[in-house]
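Below are the structure tokens for one structure; questions will follow.
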Amino acid sequence: MSQAIVDASANGQAIVCDDGLKRPPWAVNNLLLRAYYDSEWGMPVLDERGLFERISLEAFQSGLSWLIVLQKREALRKAFSHFDPDLVAKFGARDIERLLGDTGIIRNRAKIDAAINNAQAVIELRKDGGLVEFIWSFKPAATPAPRTMADIPTTSEESIALSKALRKRGFKFVGPTTMFALMEAAGIVDTHLIDSHRRGSSGVWTR
């Protein structure tokens, strides 16, 4: 890592990468994180399965780095039937034991239980418009415009409200910080740094 990158990273500013594009410090040095940032993070997720996967991955990330989740993502998809809520909702004791013995995934009993519980909650939510409509109804009127990483909030009024609403609907591992991360990842807010080449790329928010 060059001194210039170290200095920029220390300031939390967007960094000019080797391809001439500016990215946040977390998406600079790891190719998996960079690919995720460039192609997926912050793009609108508008399907039930996609949002259920994001909720599940954010829950599995709790207390860990996002890189660990990305490294285990394909194994998690395979283990959880590609996050099909109808299939995961039927997981029973044998499935839980199978998952706890799967070294390719994050083997946390509470998080595994939450994923199964949340799949059941997703199905129940279909009676009232479904998961996509429910989560996107918490889209704020404005999005942050951060110049440095320090400018990016970790919660918002909307993520707090979403967390409370999901808990009332029976969801678990959906705290305000986790839900703000979901809103960032799913394009509901745009927290790309102002100077990043990805700012405004979702089409949901202008630059």
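In this structure, is residue 143 outside any helix (DSSP H, G or I), modelled with pLDDT of 95 or more, of a type in the set (S, T, N, Q) and crowded, with 18+ Cβ neighbours inside 10 Å?
When the stated conditions are applied, residue 143 passes them.
Table: residues versus (1) modelled with pLDDT of 95 or more; (2) of a type outside the set (Gly, Ala, Ser); (3) surrounded by fewer than 16 Cβ atoms within 10 Å (Cβ to Cβ).
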position	(1), (2), (3)
121	yes, no, no
130	yes, no, yes
135	yes, yes, no
158	yes, yes, no
161	yes, no, yes
164	yes, yes, yes
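While we're on this one: Any chance you could count how many residues in the stretch 40-74 are outside any helix (DSSP H, G or I) and of a type in the set (Asp, Glu)?
2
Checking the conditions here, which among 96, 188, 116, 112 is touching a residue at least 24 places away in the same chain (Cβ under 8 Å) and within 23 Å of residue 75 (Cβ to Cβ)?
None of the others qualify; the one that does is 116.
Under 21 Å from residue 125 (Cα atoms), in contact (Cβ under 8 Å) with a residue 24 or more places away in the chain, in contact with a helix residue (DSSP H, G or I) (Cβ under 6 Å, 6 or more places away or on another chain) and of a type in the set (Gly, Ala, Ser), is that true of residue 159?
In short, yes.
Follow-up. On the basis of being out of contact with any Phe, Trp or Tyr (no Cβ under 8 Å at 6 or more places or on another chain), among the acidic types (Asp, Glu) and buried (at least 17 other Cβ atoms within 10 Å of the Cβ), does residue 48 make the cut?
Against the criterion (out of contact with any Phe, Trp or Tyr (no Cβ under 8 Å at 6 or more places or on another chain), among the acidic types (Asp, Glu) and buried (at least 17 other Cβ atoms within 10 Å of the Cβ)), residue 48 qualifies.
Let me ask something else. Whether any residue in the stretch 123-133 is touching a residue at least 12 places away in the same chain (Cβ under 8 Å) and within 17 Å of the chain's Cα centre (by Cα) is what I want to check.
Scanning the stretch 123-133, I find at least one residue that is touching a residue at least 12 places away in the same chain (Cβ under 8 Å) and within 17 Å of the chain's Cα centre (by Cα), so the answer is yes.
Can you give me the number of residues within the stretch 164-207 that are within 14 Å of the chain's Cα centre (by Cα), within 18 Å of residue 46 (Cβ to Cβ) and not in a helix (DSSP H, G or I)?
Matching residues across the stretch 164-207 total 5.
Considering only residues of the stretch 168-207 that are over 25 Å from residue 117 (Cβ atoms) and of a type in the set (S, T, N, Q), which is surrounded by the most Cβ atoms within 10 Å (Cβ to Cβ)?
Selected residue: 191.
Within the group 95, 113, which residue is within 18 Å of residue 61 (Cβ to Cβ) and of a type in the set (D, E, K, R)?
Sole residue among the options that is within 18 Å of residue 61 (Cβ to Cβ) and of a type in the set (D, E, K, R): 113.
Which one of these does residue 110 not meet: (1) part of a helix (DSSP H, G or I); (2) out of contact with any helix residue (DSSP H, G or I) (no Cβ under 6 Å at 6 or more places or on another chain); (3) crowded, with 16+ Cβ neighbours inside 10 Å?
Unmet for residue 110, out of (1) part of a helix (DSSP H, G or I); (2) out of contact with any helix residue (DSSP H, G or I) (no Cβ under 6 Å at 6 or more places or on another chain); (3) crowded, with 16+ Cβ neighbours inside 10 Å: (3).
Next question. How about the stretch 92-122: which of its residues are among the basic types (Lys, Arg), under 22 Å from the mean Cα position of the chain (by Cα) and within 13 Å of residue 80 (Cα to Cα)?
107, 111, listed by residue number.
The values are calculated or read from the model by the stated rules, or taken from the named source; none is laboratory data. Quick caveat, the model's predicted, so the values are computed rather than measured. Heads up, the Cβs are rebuilt from the backbone with ideal geometry, glycines too, and the neighbour counts pull from every protein chain shown.
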